[in-house]
Amino acid sequence: MNGNKGMNECIIGIGSNINPENNIQTSLMILAREVEVKGTSSWVKTTPIGITDQDDFVNGAVKICTTMTIEELTHYLKRLEDRLGRDRALPKFGPRVIDLDIIVWNDEIVDDDYYIRDFVRNAIDELK
C-alpha cells in the first residue's frame, strides 16, 4: 500500500504579538510532535493592521504534511490556538497569543491574505 495515500501538504501562516518568540516556538514544537514539519520561513516584525495601538507582530509560516483533511486541520489549528491561551473574546485585529491560518493547501492558495499582505506572500514563497 502506498504510504503517501491521503498525504496533504500545506503552509500555515503564524503570527503573534503577545510574547511572540516564546509562543511561536511553542506552537512549532507542538506541530513538530503532531504533524510532519517540512520547514519554516524567515520571521518578520509587522505593524498591526486595524487596531494599531498594540505591540508589533512577529509573522512567518510553516510547511507541513498531514493526513488530516483541510476541515480537520482547521479545527486542529483552532484547538492548538486554544491550548496556547488564545482569547477569542478579543477583537478580530487585536492582540493575540498565536494565530494559525492555512494559507496554501496542496499548492492552492486558500487564504486571501496571500494576495493582500506582502509578509504572508514572502513567507509562502520562501517555502514553495
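Just checking, which of 39, 15 is crowded, with 19+ Cβ neighbours inside 10 Å and modelled with pLDDT of 95 or more?
Working: 39 fails: crowded, with 19+ Cβ neighbours inside 10 Å.
Answer to the check: 15.
With respect to residue 62, is the statement that it is surrounded by 15 or more Cβ atoms within 10 Å (Cβ to Cβ), in contact with a Pro (Cβ under 7 Å, 6 or more places away or on another chain) and not in a loop (DSSP other than H, G, I, E, B) true? Please lay out each step first, then the result.
Details: surrounded by 15 or more Cβ atoms within 10 Å (Cβ to Cβ): yes; in contact with a Pro (Cβ under 7 Å, 6 or more places away or on another chain): no; not in a loop (DSSP other than H, G, I, E, B): yes.
Considered against the rule, which asks whether it is surrounded by 15 or more Cβ atoms within 10 Å (Cβ to Cβ), in contact with a Pro (Cβ under 7 Å, 6 or more places away or on another chain) and not in a loop (DSSP other than H, G, I, E, B), residue 62 comes out as no.
Among the numbered conditions (1) among the charged types (D, E, K, R); (2) over 17 Å from residue 85 (Cβ atoms); (3) in contact (Cβ under 8 Å) with a residue 24 or more places away in the chain, tell me where residue 55 comes up short.
So the condition that residue 55 fails would be (2).
Select from segment 116-128 the residues that are hydrophobic (A, V, I, L, M, F, W, C) and either part of a loop (DSSP other than H, G, I, E, B) or within 19 Å of residue 47 (Cβ to Cβ) (or both) and write down the one among them that is farthest from the chain's Cα centre (by Cα).
Here is the first cut: in segment 116-128, the ones hydrophobic (A, V, I, L, M, F, W, C) are 116, 119-120, 123-124, 127.
Right, trim to either part of a loop (DSSP other than H, G, I, E, B) or within 19 Å of residue 47 (Cβ to Cβ) (or both) and you get 116, 119-120, 123.
Numbers: 116: 16, 119: 12, 120: 10, 123: 11 Å.
Per the criteria, the residue is 116.
Quick one: would you say residue 100 is hydrophobic (A, V, I, L, M, F, W, C), within 23 Å of residue 21 (Cβ to Cβ) and free of Cβ contacts under 8 Å to residues at least 24 places away in the same chain? If you could, list the steps in order and put the result at the bottom.
Details: hydrophobic (A, V, I, L, M, F, W, C): yes; within 23 Å of residue 21 (Cβ to Cβ): yes; free of Cβ contacts under 8 Å to residues at least 24 places away in the same chain: no.
No; evaluated as a whole, the condition is false for this residue.
Which of the residues spanning segment 87-115 are more than 13 Å from the chain's Cα centre (by Cα), at pLDDT below 95 and not acidic (Asp, Glu)?
If the condition is that a residue be more than 13 Å from the chain's Cα centre (by Cα), at pLDDT below 95 and not acidic (Asp, Glu), then 88, 89, 90, 91, 92, 93, 94, 95 are the ones that fit.
Scan segment 31-44 residue by residue and report those that are part of a strand (DSSP E or B) and in contact with a helix residue (DSSP H, G or I) (Cβ under 9 Å, 6 or more places away or on another chain). Steps first, please.
First, the residues of segment 31-44 that are part of a strand (DSSP E or B): 36-40, 44.
Passing the criteria: 37, 38, 39, 40, 44.
Taking residue 69 as meeting all but one of (1) closer than 16 Å to residue 104 by Cα; (2) of a type in the set (S, T, N, Q); (3) under 13 Å from the mean Cα position of the chain (by Cα), write down the number of the exception.
(3)
Condition first: assigned to a loop (DSSP other than H, G, I, E, B) and crowded, with 18+ Cβ neighbours inside 10 Å. Now tell me which residues in segment 69-110 satisfy that. Please lay out each step first, then the result.
As a first pass, look at segment 69-110 and keep what is assigned to a loop (DSSP other than H, G, I, E, B): 69, 84-98, 106-107, 110.
Across segment 69-110, the qualifying residues are 84, 86, 96, 97, 98.
Going by the conditions given, is residue 126 touching a Ser or Thr at 6+ places or on another chain (Cβ under 7 Å) and surrounded by fewer than 18 Cβ atoms within 10 Å (Cβ to Cβ)?
Working: touching a Ser or Thr at 6+ places or on another chain (Cβ under 7 Å): yes; surrounded by fewer than 18 Cβ atoms within 10 Å (Cβ to Cβ): yes.
Here the answer is yes, as residue 126 does meet what is asked.
The values are calculated or read from the model by the stated rules, or taken from the named source; none is laboratory data. Since this is a predicted model, take the numbers as computed values, not measurements. Positions of Cβ are backbone-derived with ideal geometry, glycine not excepted, and every protein chain shown enters the neighbour counts.
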